[in-house]
Each structure stands twice: as structure tokens, then as C-alpha cells.
Amino acid sequence: MAEIYGHRWSSSYGDDPAGSAAQTWAKGMAGLTPQQVADGIGSSIACADPWPPTLPEFRLRCLGIPTFAAVRADVGRQDGFSRLVWQYLDGHRYRLASSDKADKLLAEAYDQAKEFVMRGGQLPGEPVAEIGHEEREVTPATREEVQKHMDQIARELHLSPAEVEAMGSDGVIEAGEGIHANT
């Protein structure tokens with residue numbers, strides 16, 4: 001990290017590999033695989049932030065947790081962390097909320113998901129399958145088909161021909177007319 005951040009790293013955490021900062025970082029990185037640590041270093045290089053990350057920030061990078069801004073910018077992403085955030089988010093409230101309230105709800109879900117992963121929780125697996133959608137061509141009904149169905153509905157509702165005649169072209173009975181079903 002000192003090779004990436006230079007003096008900023010050394011002045012923040014020191015140069016002693018056996019010092020207290022090194023011991024704290026060793027505890028904070030316990031349980032991470034060498035590949036995860038390499039991913040964290042790669043993410044630190046790619047982020048272009050001139051200041052070294054804190055231990056929790058670096059652990060987030062090692063675990064592949066995107067920033068809140070990245071999750072907010074692309075809520076529909078299909079990576080494991082975004083799916084986890086959606087598990088903590090009340091989608092109905094989110095869709096109905098104002099943009100400020102929606103951001104707050106998303107931030108709360110993000111924080112819950114982040115804490116879950118930081119404590120060792122696993123991201124949800126890849127979806128087994130995608131729900132299919134059958135494309136089919138819709139052909140508008142002819143006037144004769146509509147009339148046939150309207151006649152059938154009138155018979156089932158026991159409407160008299162006068163009551164059917166009182167219905168306007170939109171199928172609504174004009175004001176003052178009533179439907180009297182013979183039940």
C-alpha cells in the first residue's frame with residue numbers, strides 16, 4: 001500500500017510491519033483470501049483516490065462491495081450485492097417514495113447489506129433461471145366478435161333487450177336507467 005499511496009500511507013499507518021496499525025489491519029483482514037486482498041489492492045489502484053483507504057473501506061474493496069453511489073446509479077444491476085440490497089429494500093415503498101425518501105430507503109438497505117457482508121454473510125447466488133415472457137400477437141376483435149360477447153354477457157346478467165339498448169357505445173347504462181337482474 002505504501003507503493004500505491006507513498007507518504008500518505010506511511011504518515012497515516014506508519015512503516016513498522018509489527019506496529020499497532022499493522023496488527024489492527026491484520027485483525028481486520030482476517031478471513032480474507034489472498035485473491036480478495038489482491039482484488040482490494042486492484043480496486044484501490046483503480047479508484048483513483050489519492051488518499052489511502054481506512055481499514056473498513058479497504059475490507060469493503062476486498063469483498064467487492066460497490067460504493068453507495070454505484071448502487072444508486074444502477075439499482076437494476078444483477079450482481080450479488082445489488083440483489084442483496086434489494087432483499088433489504090421494501091420495493092413498494094421505494095417506488096412510491098419521493099426521490100429524497102427513496103434515497104434514504106436505499107441507503108438504509110445498502111447499509112444493512114454492507115454490514116451483513118462485512119460480518120461474513122454470503123451474497124445471494126446467481127438466479128437459477130429467468131422468468132420467461134411469451135411474445136404473442138394480439139389481434140383486435142371484430143365488431144361481430146364484440147357483439148357476440150356482449151350478447152352472451154347480457155344473457156348471463158339477465159338483461160332485457162331494452163336494458164342492453166339503453167347502454168351506450170362504451171357499455172355504460174345512461175343516467176337514470178337501471179339494471180334489474182332476474183336472479
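The values are calculated or read from the model by the stated rules, or taken from the named source; none is laboratory data. Note that this is a predicted model, so its numbers are computed, not measured. Heads up: the accessible areas ignore ligands, DNA and RNA and are worked out on the full protein's heavy atoms, side chains in. Shrake-Rupley method; radii C 1.70, N 1.55, O 1.52, S 1.80 Å.
Each helix, a run of at least 4 DSSP H residues, gives -39500 (n - 2.57); summed and divided by the residues of the chain, these come to -16000 deg cm²/dmol at 222 nm.
Expressed in Å, the radius of gyration and Dmax of the Cα atoms of region 50-108 are 13.0, 40.
Carbon and sulfur atoms: what percent of the 1.4 Å accessible area of the chain do they account for? Display every interim value, and only then the final one.
Working: 7080 of 13200 Å².
Summing carbon and sulfur atoms, their accessible area is 54 percent of the total for the chain.
What the Cα atoms of the chain give is an Rg and a Dmax of 31.1, 97 Å. For residue 165, the solvent-accessible surface computed with a 1.4 Å probe is close to 150 Å², ligands and nucleic acids excluded.
How would 114, 101, 27 rank on accessible area, largest to smallest, probe 1.4 Å? Numbers along the way, then the final one.
Values: 114 60, 101 85, 27 165 Å².
Solvent-accessible surface, decreasing: 27, 101, 114.
Measuring only protein heavy atoms, the 1.4 Å probe finds residue 139 accessible over about 110 Å².
Accessible area per residue for the chain in Å², computed with a 1.4 Å probe and the full protein assembly in place, what is it?
Per residue, the chain has 72 Å² of solvent-accessible surface.
Measuring only protein heavy atoms, the 1.4 Å probe finds residue 88 accessible over about 90 Å².
Bridging of residue 27 to lysines at a Cα separation below 20 Å is possible for 114, once same-chain residues fewer than 8 apart are set aside.
Kirkwood-type hydrodynamic radius, region 1-92: 14.7 Å, calculated from all non-identical alpha-carbon pairs.
Take each complete run of DSSP H in the chain, measure how far its Cα atoms stretch along the helix's own axis, and keep only those covering 18 Å or more with mean Kyte-Doolittle hydropathy at least -0.5; list them.
On the way: long enough: 34-47 (20 Å, 0.34); 99-118 (28 Å, -0.55); 143-156 (20 Å, -1.76).
What comes out of the filter, once short or polar helices are dropped, is 34-47.
Structural size metrics of region 97-146, computed from C-alpha coordinates, are Rg and Dmax of 22.2, 66 Å.
The relative contact order of the chain, computed from alpha carbon pairs under 8 Å that lie at least 6 residues apart in sequence, is 13 percent.
A Gaussian network model of the chain, with springs between Cα atoms under 10 Å, assigns the largest mean-square fluctuation among 141, 46, 70 to 141.
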